[in-house]
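Below you'll find the structure, written out as structure tokens, and then a few comments.
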Amino acid sequence: MTFEIINVVQHAFLIKKGTMKYSLVIIFATSLLAACSNNDEITVTPDHPHTYLNTGKLLSMDGGNEHLAFSYDSEGRVAFAERVDSGSFLVKQQADYLYDNDCIYVTFREFAQLPNGEHDSNYTRDFCHYDTLFLANGRVDSLAGHRPSSRHVQANRFFFKFHYNEQGQLISIRNDNFNYIYQDKINETPWYTELYTLEWQDGNITRRTCTIPQQKKTMIWNYCYSELVGTMPSSDPRGILFDLMPLFSTGFFGFEPYNLPLSIESDEIKEQIGYLLDEQQMVFHVKSTVNLSDGLPQLYDYQIKWQSSSVH
């Protein structure tokens, strides 16, 4: 498939699957001609050399009913992240981060607010969970935590294991979910498992595959990339949980993809993304078009602010 982009367009989307949030942003560059062949090879014409972005630290993304905000500690590490969805009612997701020599501690909360600002106690996904990320050689090796499926169901335990290749690129993720048999006793056999594999080519992730053995289900996402060289946590194909996404640009999950994504395609969704750059070579505007297999195209428009960027 071939994409010819005349105007800068960017796209961002959120996919919700069960209790997991997927956040991805994709970018187009002006007058860029890129092609993705059947074997996932990426071609960029020599008339359009790579553009190196000055990304800095992401402060916020605003688009429609969605707002993402981030803050950092004195060492430049993410300290707080928040996602607010003000659709039919206000839903907030918040994460706090604490750092130790060999661990990162994440406290995640999700709750809803009524129009008068009061807490909505009837929101069925109102919960808080605590994750511990274990580091090895400066990278996240594993993650342990718990997450309730609703206010009325006892929490599930889950365990992530991350694998890297010799180049320091994340190549697979295993997520095992365990439920409680009774009281504090946990079933030793996971009731739900997700197996992610990431295929890299020329410094970018060209394919992400997720297999769920219990459901005999496999999902595949194919990625094409723009000429823009740089990082945005929200555009990273490694992102499978909102509370992990802000850690990507700090190197805790190995090397980042070299370019910003241009398009994403799966059986259920096709997405095209584009960016606008300011005079400091910073992305300040992202637009995207998402075509779902069972609906009309959805348009997304995000304003981006960086710690050192000017206001647009």
Can you name the residue in the stretch 293-312 that is aliphatic (A, V, I, L, M) and surrounded by fewer than 14 Cβ atoms within 10 Å (Cβ to Cβ) and is also modelled with the highest pLDDT among such residues? LEU299
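Quick grid of which residues meet (1) among the aliphatic types (A, V, I, L, M); (2) crowded, with 23+ Cβ neighbours inside 10 Å:
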| residue | (1), (2) |
| --- | --- |
| LYS216 | no, no |
| ILE220 | yes, no |
| SER249 | no, no |
| ASN259 | no, yes |
| GLU265 | no, no |
| GLN272 | no, yes |
| VAL283 | yes, yes |
Output the residues belonging to the stretch 161-193 that are among the polar types (S, T, N, Q), touching a strand residue (DSSP E or B) at 6+ places or on another chain (Cβ under 7 Å) and at pLDDT below 90. ASN177, ASN179, ASN187
Test VAL229 against the criterion of being buried (at least 20 other Cβ atoms within 10 Å of the Cβ), of a type in the set (Val, Ile, Thr) and at pLDDT 90 or above, and give yes or no. no
Given the conditions (1) under 30 Å from ALA144 (Cα atoms); (2) part of a strand (DSSP E or B); (3) touching a residue at least 24 places away in the same chain (Cβ under 8 Å), and given that PHE253 satisfies all but one, which numbered condition is not satisfied? (2)
Residue tally, condition modelled with pLDDT under 95 and crowded, with 16+ Cβ neighbours inside 10 Å, over the stretch 194-211: 1
Kindly list the number of the only condition in (1) surrounded by fewer than 16 Cβ atoms within 10 Å (Cβ to Cβ); (2) at pLDDT below 95; (3) assigned to a strand (DSSP E or B) that fails for ARG151. (3)
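The values are calculated or read from the model by the stated rules, or taken from the named source; none is laboratory data. Keep in mind that this is a model prediction, so the values were computed, not measured. Positions of Cβ are generated from backbone atoms using ideal geometry, with glycine treated the same way; all protein chains shown enter the neighbour counts.
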